[in-house]
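First comes the structure, then the notes that go with it.
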Amino acid sequence: MSLFDVKGPLKDAAFGATVSLKSGRGAQALDAAMAAEPLSLPKILSDNGGLLLVQGLNEINDDPALLVRLSRVFGPEVEDYRHTLTNLSSVHTQVPEILLVSNMVPVSKMPPPRPEPPIAADGKLPVQYPHRVGWHTDQSYRRPPPDISLFYAATPVASDQGQTLFANGTLAYEALPSALRAKVEKLDGLHAQPGTGRSRRAAVAGETPRAFKPHERSQRQPVVRTHPVTGKRSLYICEGGQMDWFDGPFVGMEKGPHGDGARLLDELMSHMTQRRFVYAHEWQQGDMLIWDNRCLVHAATWYESGEQRMMWRTTVHGNPGAAYAGEAKSWIPVAAE
Ligand SMILES: [Fe+2]
């Protein structure tokens, strides 16, 4: 008998679920239930398209290590951000497994740009690329890439702003026209770390990218990934700043921001982010989302720069699937560098 209630799909979406405790509420009670039933939430996650919402976990604000404990249920390794190509100003000072996503000092990450126009033709929040940009799956610029992210709203912004959008790569893959599916089946994308000068904007501007050390290099990833738990196939691509627009975006296709590779990327991303494949989350304090990076992409939305936003993320690693079997971590410098 499960300790959890599951209600899905998420609002106005075709996937995802809200999870609550049958008895009790809050982060401590959730921690106890997850310790008593460690297999339940990972199964509920994979049974519901890779996205879960848990609400009312405000106790985590005063006990950030609790977020790490909850994360450990989802895989063998919760990342320590001191060793993941991350600027230390974005790492929680007491709990280095927590990445700070914030516009506050010292992180000072500016809000994403507002789409133009700010409302889509159907009167709703714009979601489809390229009207909406910033779609990515976490840390795809590393091999093996991570599995699961947990994202906790310590201080979210006002409602109707600062949403997180999710697009389901499994549903998008299954709906691909057969000619397009055949084209991407064996294709690899080349993923770059944002901020390293390989972005589409830098390529369009004709900038010369800096040389990478071996552990910083852009990484190949299959455009179609097979999920190691469900066996389902999903599109696995990013856009903008998280593909390499100098040597990619795809391996073996015309390179750069104006070539055949760019046209294919635009077509795939536009397909994947149709509203029928998307969930938009409006944050409340104490919300936690758990998502599977192996089958979903996500994007942050604009908020007023006067707002103060502080979100905490952990990342779970260790089950990327057979395509990555036996690989060393690409982001760890080797002694000879
Ligand atoms: Fe992200």
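Bear in mind that the values in this text are calculations on the coordinates, not laboratory data. Remember, predicted model here, so these are calculated numbers, not experimental data. FYI the Cβ positions are ideal-geometry reconstructions off the backbone, even for glycines, and counts take in every protein chain you see.
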task = Go from 0 up to the bin containing the longest alpha carbon distance in the chain, width 10 Å each, and give me the % of pairs per bin.
result = 6, 26, 36, 25, 7, 1
message = Per 0.36 nm of contour for each residue apart, how much would the distance between ALA328 and ALA175 grow if the chain were fully extended, relative to their Cα-Cα spacing?
response = 51.7 nm
inquiry  = Under a Cβ-only charge scheme (Lys and Arg +1, Asp and Glu -1), can you give me the dipole magnitude of the range 4-319 about the Cα centre, in debye to the nearest 20?
reply    = 660
ask   = Any idea how far apart GLU185 and ASP62 come out in nm if each label point goes 7 Å out from Cα toward Cβ?
value = 5.7
remark   = Yeah, the range 1-140 with a ≥ b ≥ c from its alpha-carbon gyration tensor (a/c under 1.5 is rounded, else prolate when a/b outruns b/c, oblate otherwise) is oblate
ask   = For the range 179-212 and the range 308-337, what is the separation of their Cα centres, given in Å?
value = 19
Unsatisfied cross-links (Cα-Cα over 30 Å) in the set LYS255/LYS329; LYS109/LYS213; LYS109/LYS232 = LYS109/LYS232
request  = With label points built 7 Å along Cα→Cβ from the Cα atoms of VAL204 and ASP80, find their separation and express it in nm.
outcome  = 4.1
inquiry  = Suppose each label sits 7 Å from its Cα in the direction of the beta carbon; what would the VAL105-ASP5 distance come out to in nanometres?
reply    = 4.5
query = Quick one: net charge of GLU59's neighbours, Cβ under 14 Å, K/R +1, D/E -1?
reply = -2
